[in-house]
Amino acid sequence: MDSVSLSEVTVIRRTHLGFMHSFRQPFSGVPISLKFSSSKGARAISSSITNNTKSHQFVYGERISATSDSGYKINGVVNIKSRTMISSVKERLLLDATDDQYGGVIVDHRKLPSNPYAFASMLRASLTDWRRKGKKGVWLKLPVEQSELVPIAVKEGFEYHHAEKGYVMLTYWIPEEEPSMLPANASHQVGVGGFVLNQHKEVLVVQEKYCAPSITGLWKLPTGFINESEEIFSGAVREVKEETGVDTEFSEVIAFRHAHNVAFEKSDLFFICMLRPLSDKIIIDDLEIKAAKWMPLVEFVEQPMIREDKMFKRVIEICEARLRHCYCGLSPHRLVSTFDGRPSSLYYNVVNDENDPSHSNCIADYL
């Protein structure tokens, strides 16, 4: 026997008024009348269908089965001749979603039902439908305005993936026999430090207003985090400008550090960037910076905490080697990849360019 499975859904009036209207017309010779009944605080649609002397009551629910006379029964009671109507009803009981390129689905958060009861029923029906179709991962984005839907999704087996100011992203991996192939949440944060040296061999340094007691009084490089969709080179220029008011031009990435279990137990990438000063007047950001100044490089290096820190001491040594043309950093080059067709920055150094020697960033004077 052929059958079509639906959810246990109680059809919420607000969600399904659209297809109520179609029931007002005679269907396969069977007159249909509509009336409302209350079920657990929600409005459900109940239909009274009369065929000669027989009258049946049902709420559109969990099962539609084929009958011997080529019709279909809803919940084993009502004989309906049109499978087109059945498909229409079924589609309206599912969440709007699109297929992704990895065999999964992405729920359209703009078309989520506002009623939690309708959402719960439609989510269960959708999971059944996706499982039947062999779908794998499900991405469910719930706007903060509909945060009451989060516990419903979690109860159905969805897991937290990540959260932003305006939404929570949840995921569901359908194949029980396969390990989840859904990518994890972002694992890294990216920071930059600006090494700015002027023609007097003075380095631009700051003292932070809020810092750990162990580094109170330390003069350090201007640092900060890269914003979303921001390049490393533009982020370094921006951070120096925000903290000190000094305009700079990006030169190259000298080195980067990779650390783990830092903020929020995430990994951390920190890029040391050499910048050329375009101005020298200092105007500090007094919200986070206590003081800023141009400090002689030799004096900066002689600070006890700098001298005793092997990693930072090596960074300064690299910067000094760059000034002597004994080291070559990485400069950004805009290229387009055929994988996604988008331009991006590839960082590398050019030691020898046979076509144009001036392209070499290793022979260029920093100051």
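Each Lys or Arg adds one and each Asp or Glu subtracts one; over the other residues with Cβ under 15 Å from the Cβ of residue 345, this totals -2. As a length-normalised measure over Cα pairs under 8 Å and 6 or more apart, the relative contact order of the range 176-322 settles at 29 percent.
Full extension of the chain segment joining residue 155 with residue 188 gains 8.9 nm, where the gain is 0.36 nm per residue of separation less the Cα-Cα distance.
Where a ≥ b ≥ c are the square roots of the eigenvalues of the C-alpha gyration tensor, would you call the range 188-331 rounded, which needs a/c under 1.5, or, failing that, prolate if a/b is larger than b/c, or oblate? Walk me through the intermediate numbers first.
Values: a/c = 1.15, a/b = 1.09, b/c = 1.06.
Here the range 188-331 falls in the rounded category.
Which of rounded, prolate, oblate describes the range 208-292, given a ≥ b ≥ c as roots of the alpha-carbon gyration tensor eigenvalues and a/c under 1.5 marking rounded, otherwise prolate only if a/b is larger than b/c? Write out the running numbers ahead of the final one.
Working: a/c = 1.84, a/b = 1.12, b/c = 1.65.
Note, shape of the range 208-292 comes out oblate.
A Förster radius of 35 Å, combined with the Cβ-Cβ distance separating residue 314 from residue 108, puts the computed FRET efficiency at roughly 0.10.
Can you bin the range 118-206 into rounded, prolate or oblate? Criterion: square roots of the alpha carbon gyration tensor eigenvalues sorted a ≥ b ≥ c, rounded for a/c under 1.5, prolate for a/b above b/c, oblate for the rest. It would help to have the intermediate numbers written out before the result.
Working: a/c = 5.45, a/b = 2.61, b/c = 2.09.
It is prolate, given that a/c is not under 1.5 and a/b is the larger ratio.
The label-point distance for residue 229 and residue 340, in a model that sets each label 7 Å from Cα toward Cβ, rounds to 1.3 nm.
Beyond 32 Å between alpha-carbons counts as too far, so tell me which of 201/290; 133/266; 165/201; 141/241 fall in that bin.
Working: 201/290 23 Å; 133/266 36 Å; 165/201 44 Å; 141/241 36 Å.
With Cα atoms farther than 32 Å apart: 133/266; 165/201; 141/241.
Take residue 98: with every protein chain present and a 1.4 Å probe, its accessible area is about 80 Å². Near residue 100, the amide H atoms lying under 5 Å from its own belong to 105, 106; only residues 5 or more places off or on other chains count, and H is placed 1.01 Å from N. Summarising the amide proton neighbourhood of residue 95: residues at separation of 5 or more, or on other chains, whose placed amide H is nearer than 5 Å comprise 126. Ordering 339, 119 by accessible surface, largest first, gives 339, 119; the 1.4 Å probe counts only protein heavy atoms, with every chain in place. Packing, taken as the mean count of other beta carbons within 10 Å per residue, orders the peptides 189-199, 328-338, 252-262 from highest to lowest as 189-199, 252-262, 328-338.
Here the range 125-164 is scanned for amide nitrogen atoms under 11 Å from the site 7 Å beyond the Cα of residue 181 along Cα-to-Cβ, giving 136-137.
Rolling a 1.4 Å probe across all protein chains gives residue 139 an accessible area of roughly 50 Å². With the simple model of a label 7 Å out from the Cα in the direction of the Cβ, residue 259 to residue 146 spans 4.1 nm. Report the FRET efficiency, 1/(1 + (r/R0)^6), for residue 212 and residue 286, where r is their Cβ-Cβ distance and R0 is 25 Å, rounded to 0.05. Efficiency computed from Cβ-Cβ geometry: 0.80.
The values are calculated or read from the model by the stated rules, or taken from the named source; none is laboratory data. Worth saying up front: this structure is predicted, and the values here are computed from it rather than measured. Methodologically, a virtual Cβ is constructed for each residue, glycine included, from the backbone with ideal geometry; neighbour enumeration extends over all protein chains shown. Heavy atoms of the whole protein, side chains included, go into the accessibility calculation; ligands, DNA and RNA do not. Shrake-Rupley method; radii C 1.70, N 1.55, O 1.52, S 1.80 Å.
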